[in-house]
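Notes follow the structure.
Bear in mind these aren't lab numbers, they're just calculated from the coordinates by the rules spelled out. Just so you know, these numbers come straight off a predicted model, no measurement behind them. Cβ placement follows ideal geometry from the backbone for every residue including glycine, while neighbour counts extend to all protein chains displayed.
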Amino acid sequence: MAIKDSATVKSSPEVRAFIYQQLSDLEEFLPQGSAVSVSILPEETKKLSFCAKIEIMTPGGTLLSTAIHGDEYAAIVSAKRDIKSQLEFWFHLGELEENDDSRERLIEAISEKRYLH
């Protein structure tokens, strides 16, 4: 898993270590050749809030998760939970039997929720 975290350069070493720790939970769901981009920025619309953004680029498309929280660590955890649920869905979708009808319904359902960007 390649990780691009240039937006976190100003983050403390502890925050960077926490990001890597959180991302390790995602590795089993990532297709080979995936890259992960993480940014933690102050949220401009809310004072004392942080916006954590995790973007996963896979050979099949891109997944994105954004979370805003007053605590930097909580924002990271929230974004990671959302992106992990998206990855788990796609991972388990790939494990389904080759039933085209069920597969098409699931793809349509996920598309309506705009998980893919």
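Rounded to the nearest 0.05, what FRET efficiency do residue 62 and residue 15 have when you use their Cβ-Cβ distance and R0 = 41 Å?
Plugging the Cβ-Cβ distance into 1/(1 + (r/R0)^6) gives 0.95.
For residue 62, nonlocal amide neighbours, meaning residues 5 or more places apart or on other chains whose placed amide H falls under 5 Å from its own, are 117. Multiplying the residue separation of residue 24 and residue 49 by 0.36 nm and removing their Cα-Cα distance gives an extension gain of 6.5 nm.
Phi-derived couplings, Karplus 6.51 cos²θ - 1.76 cosθ + 1.60 at θ = phi - 60°, listed residue by residue for region 48-57: 6, 10, 10, 10, 9, 10, 10, 10, 10, 9 Hz, with x used for Gly and Pro.
For residue 73 and residue 92, compute 0.36 nm times the residue count separating them, minus their Cα-Cα distance, and round to one decimal in nm.
4.0 nm
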